[in-house]
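Laboratory data are not the source of any read-out in this text; all were calculated from the coordinates shown. As the structure is a prediction and not an experimental result, all values here were calculated from the model. Note that each Cβ is placed from the backbone with ideal geometry, even for glycine, and that neighbours are counted across all protein chains shown.
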Amino acid sequence: MLKSKNALTRWALSIATVSVLLACSETQSTATDDSARWYTPQQLAQGRAIFAENCAACHGANGEGVSNWQTPDSNGFYPAPPVNGTAHAWHHSLAVLLRTINQGGEQLGGRMPGFQGRLTELEQRSAVAAFQDYWPDDIYAQWLVIDNR
Ligand code: HEC
């Protein structure tokens with residue numbers, strides 16, 4: 001009796017697992033469909049040049065950041081984080097990303113320089129396109145939800 005009850009539980013669990021897996025793959029394929037990027041190939045090309053010139057020195061050529069980015073230096077400042085979709089940048093709406101680039105990290109207690117007056121708003125947007133292009137589709141789709149809030 002006990003044995004068959006266990007078997008039943010196992011069976012129910014495996015059905016549950018399969019439906020969760022199915023639900024996940026369904027969400028993912030929808031997410032990929034919804035993730036057409038907001039930027040044009042021209043903006044991306046411009047952004048790559050801007051990123052290489054203004055951002056790559058700190059954030060890495062491909063936005064990979066510094067390997068010890070989670071460890072503050074002796075002055076309590078953090079090194080440049082990845083912006084390639086592996087850290088926190090994708091939790092921020094486009095408006096917040098642009099504000100950080102425009103005003104720098106001081107407002108966050110950091111020391112990233114602000115680009116106000118050095119890059120136009122359109123150039124700053126292109127720089128966002130450059131690093132967002134490294135984001136996998138599922139991360140980009142999650143960001144879209146945050147950006148639309
Ligand atoms: C001198 C180094 C430096 C340069 C140059 C620099 N950054 Fe940063 N960036 C940082 C640091 C450090 C942080 C973390 C916040 C802080 O300490 O100010 C940061 C944070 C960010 C964030 C927020 C990331 C997050 O997880 O929320 C974005 C987006 C960003 N930078 C984009 C850029 C772009 C785009 C450029 C070029 C236009 C750029 N940065 C140039 C050092 C730099």
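Which of the residues that make up the range 75-110 are under 19 Å from ASP137 (Cβ atoms) and among the aliphatic types (A, V, I, L, M)? Explain how you work it out, then say what you get.
Initially, the range 75-110 is screened for residues under 19 Å from ASP137 (Cβ atoms), giving 82-94, 97.
Matches in the range 75-110: VAL83, ALA87, ALA89, LEU94, LEU97.
Which one is farthest from the ligand (Cβ to nearest atom) among residues in the range 47-62 that are in contact (Cβ under 8 Å) with a residue 60 or more places away in the chain and not in a helix (DSSP H, G or I)?
So, considering only residues that are in contact (Cβ under 8 Å) with a residue 60 or more places away in the chain and not in a helix (DSSP H, G or I), the one farthest from the ligand (Cβ to nearest atom) is ASN62.
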Legend entry - helices (runs of 4 or more DSSP H) lying entirely in the range 63-149 (those with 3 or more residues that are within 9 Å of the ligand (Cβ to nearest atom) and of a type outside the set (A, V, I, L, M)): 121-132
Inset, instruction - Please find, within the range 83-106, the residue that is farthest from GLY47 (Cα to Cα) out of those that are crowded, with 16+ Cβ neighbours inside 10 Å and in contact with a strand residue (DSSP E or B) (Cβ under 9 Å, 6 or more places away or on another chain). - result: GLY104
